[in-house]
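The values are calculated or read from the model by the stated rules, or taken from the named source; none is laboratory data. Please read these numbers as outputs of a predicted model, since none were measured by experiment. In this analysis, Cβ positions are derived from the backbone assuming ideal geometry, glycine residues included, and neighbour counts consider all displayed protein chains. Quick note on the areas: whole protein, heavy atoms, side chains included, nothing else; ligands and nucleic acids left out. Shrake-Rupley method; radii C 1.70, N 1.55, O 1.52, S 1.80 Å.
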Amino acid sequence: MGALVVIGVACAWLLLLQLAGASHVVYKDVETEANAANVPPSIVDPLLRTGFHFQPPKNWINDPNAPMYYEGWYHFFYQYNPKGAVWGNIVWAHSVSRDLINWEAIETAIEPSIPADQYGCWSGSATTLPDGTPVIMYTGINRPDVNYQVQNVAYPRNRSDPMLREWVKPEHNPIIVPESDINATQFRDPTTAWLASDGQWRLLIGSAAGGGARGAAFVYRSRDFRQWRRVPRPLHSAATGMWECPDFYPAAPGRTVGLDASSAPGRPQVKYVLKNSLDLRRYDYYTVGTYDEKAERYVPDDPAGDEHHLRYDYGNFYASKTFYDPAKKRRVLWGWANESDTRADDVAKGWAGIQAIPRTVWLDFGGKQVIQWPIEEVEALRHQPVTLRDTVIKRGEHVEVTGIQTAQADVEVSFEVSSLLAGAEPLDPALAHDAERLCGARGADVEGGVGPFGLWVLASANLEERTAVFFRVFKAAGSDKPVVLMCTDPTKSSLNPDLYLPTFAGFVDTDLSDGKISLRSLIDRSVVESFGAGGKTCILSRVYPSLAVDKNAHLYVFNNGKADVKVTLLTAWQMKKPLMNGA
Ligand SMILES: *[C@@H]1O[C@H](CO)[C@@H](O)[C@H](O)[C@H]1NC(C)=O
Ligand SMILES: *[C@@H]1O[C@H](CO)[C@@H](O)[C@H](O)[C@H]1NC(C)=O
Ligand SMILES: *[C@H]1O[C@@H](CO)[C@H](O)[C@@H](O)[C@@H]1NC(C)=O
């Protein structure tokens, strides 16, 4: 396919691998490709298209942009290719909602139209000015040959229109351009701005330092939202490669109520979360720490935090962004989940990419980590609950949950395990810090001591196909605290070849002292989005069964550990389809 092979799509950025030392970048004509008469049929069944996850009727989507609440409406923008199911021709598509679940697509909000964005309108954020005016700042590409990045603003044409249908780009764009010490191709994705105690605006821009070896979040300061000046030293930096889509927000440990970014600076007891999307690894990592306004520095509480122990989600979840919802006084997280099928399948099926269910986020009591839970509004889609109570599942057994269709379901289950440490298998010290490799080595079908136990979702009648979402308990040498692993194992999820099906895993910060642990999975045909221990560890996985489709999808609870596991309560609901952008 020529000198270049497309190997992935960055946060609004196409990563190109040069094979033959070609000296310029060539983009494939995605429009021609998508319209080609001889598109092969997709192996992905049309019945695997998701229903209650956010998506447009067709085509490619990636990063969530500028989520906000305005005059009774939630606004959501996203990176969108109006011409096909692969990355390219990116504009800001716009949808509005009363409840973050039922969506109506409206006019494109931002598309190339000025010199400062004529080659691309990439990701950005919204800020509400003190007089209530929302303003969007986004990355524009202003050169044809290289992805040279500048930052632009856009304002609503008519503030009386709660839909904010039209956006105007003022003459003074671009308003931030990279200075000579910044690599102009690594300078993007401005955050929501906040007012610091000195009454001046601050915002962050994702970037790199040290010739690309370090990720950096640069602070910009402004009095009038028009003239911005960079603080020379970044707010924070670490040896991880480029940081895309930074997000930075205050949170009070143990309080589910959210904080507006401008209300927090200088308040004691308030911690900050700094999230970055790592261009090299394609995952969203965060730390919790303190923000020193005067020094314009952020310091993670855990000195090793920058080595990236914490991720929002240990599966397919990238380029995420939060916003403060003043209507419900909560902070809500959006994240993009890409496909795990092939590019050819995406072209053939005509769509690629979904958004995860928006999650309410807050800090745990200790202020150590973010807790995430699907927004309560999603529960309005539940119907026909079925339950399983006080059911002991013995070694090697599984129990089917019947009575509803489970291709689109919300499942909540509480487990109780006894004989905790005595029965747990020893933790291999070589894998003690690598959940993903540990899960790869000790998958759902490898018998353990306590666990693996959990759910088989999107399973076929004879279990040839099944996606396992489970826990597994280990005992570390010289410690009496159990190590709990949460894992999604999709290696048996489909009989189809050519799918990307890695095992995804994260550790769960719990000592299981009462022997109890919970799991919730939102199943939506080709996505399984799971929340362990009340939202301490989350894993979103894309799977494409060939048999376990529609009415043929089954749900089981399984236990492949030696120790008994009790399901104290399992409730599963079928999910209704919300309004989804006219699809
Ligand atoms: C602004 O929006 C409001 C509400 O939709 C509408 O009634 C009004 O006509 C609009 N004004 C202009 C100038 O378009
Ligand atoms: C700037 O970043 C690009 C990647 O976007 C990289 O290829 C290039 O080498 C960098 N340039 C310098 C001078 O570091
Ligand atoms: C999603 O797709 C898989 C398989 O192609 C890639 O390995 C991931 O890097 C990609 N994720 C993102 C965020 O682009």
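Quick notes on this structure:
- Residue check, residue 465 among the acidic types (Asp, Glu) and assigned to a loop (DSSP other than H, G, I, E, B): yes
- In region 184-195, residue nearest to ligand 3 (Cβ to nearest atom) [restricted to those that are of a type in the set (Val, Ile, Thr) and open to solvent by 10 Å² or more (accessible area, probe 1.4 Å)]: 185
- Strands (runs of 3 or more DSSP E) enclosed by region 103-158 - at least 2 residues per element that are of a type in the set (D, E, K, R): 104-110
- Annotation note: Cβ proximity below 8 Å between a residue of region 157-171 that is within 16 Å of ligand 3 (Cβ to nearest atom) and a residue that is acidic (Asp, Glu) and part of a loop (DSSP other than H, G, I, E, B) (sequence gap 6+ or interchain) occurs for no pair.
- Where a residue in region 264-283 is touching a residue at least 24 places away in the same chain (Cβ under 8 Å) and its partner, wherever it lies, is of a type in the set (Ser, Thr, Tyr) and open to solvent by 40 Å² or more (accessible area, probe 1.4 Å), with Cβ under 6 Å and at least six apart: 265/197; 266/197
- Any hit, region 186-208, residues being acidic (Asp, Glu), within 16 Å of ligand 2 (Cβ to nearest atom) and under 24 Å from the mean Cα position of the chain (by Cα): yes
- Only one entry in 238, 304 is touching a residue at least 60 places away in the same chain (Cβ under 8 Å) and more than 16 Å from ligand 1 (Cβ to nearest atom), namely 238.
- Tally, over region 156-184, of residues that are within 16 Å of ligand 1 (Cβ to nearest atom) and among the β-branched types (Val, Ile, Thr): 1
- Among residues of region 163-183, those that are within 15 Å of ligand 2 (Cβ to nearest atom), open to solvent by less than 50 Å² (accessible area, probe 1.4 Å) and charged (D, E, K, R), counted: 0
- Residue count for region 557-572, restricted to those that are open to solvent by 40 Å² or more (accessible area, probe 1.4 Å) and within 19 Å of residue 52 (Cα to Cα): 0.
Results for (1) among the charged types (D, E, K, R); (2) modelled with pLDDT of 95 or more; (3) surrounded by 24 or more Cβ atoms within 10 Å (Cβ to Cβ), shown as yes or no for each residue.
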site	(1), (2), (3)
486	no, yes, yes
494	no, yes, yes
504	no, yes, yes
507	no, yes, no
526	no, yes, yes
533	no, yes, no
555	no, yes, yes
577	yes, yes, no
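- Among the residues of region 438-474, those that are in contact with a Pro (Cβ under 9 Å, 6 or more places away or on another chain) and under 16 Å from residue 554 (Cβ atoms) comprise 444, 458, 459, 460, 465, 466, 467, 468.
- Of all residues in region 187-223 being under 15 Å from residue 135 (Cβ atoms) and small (Gly, Ala, Ser), the one that is farthest from ligand 1 (Cβ to nearest atom): 222
- Of the residues contained in region 196-211, one or more are found to be surrounded by 17 or more Cβ atoms within 10 Å (Cβ to Cβ), in the same structural domain as residue 183 (by TED's automatic domain parsing) and outside any strand (DSSP E or B).
- Output for region 463-479, where each listed residue is at pLDDT below 95 and crowded, with 24+ Cβ neighbours inside 10 Å: none
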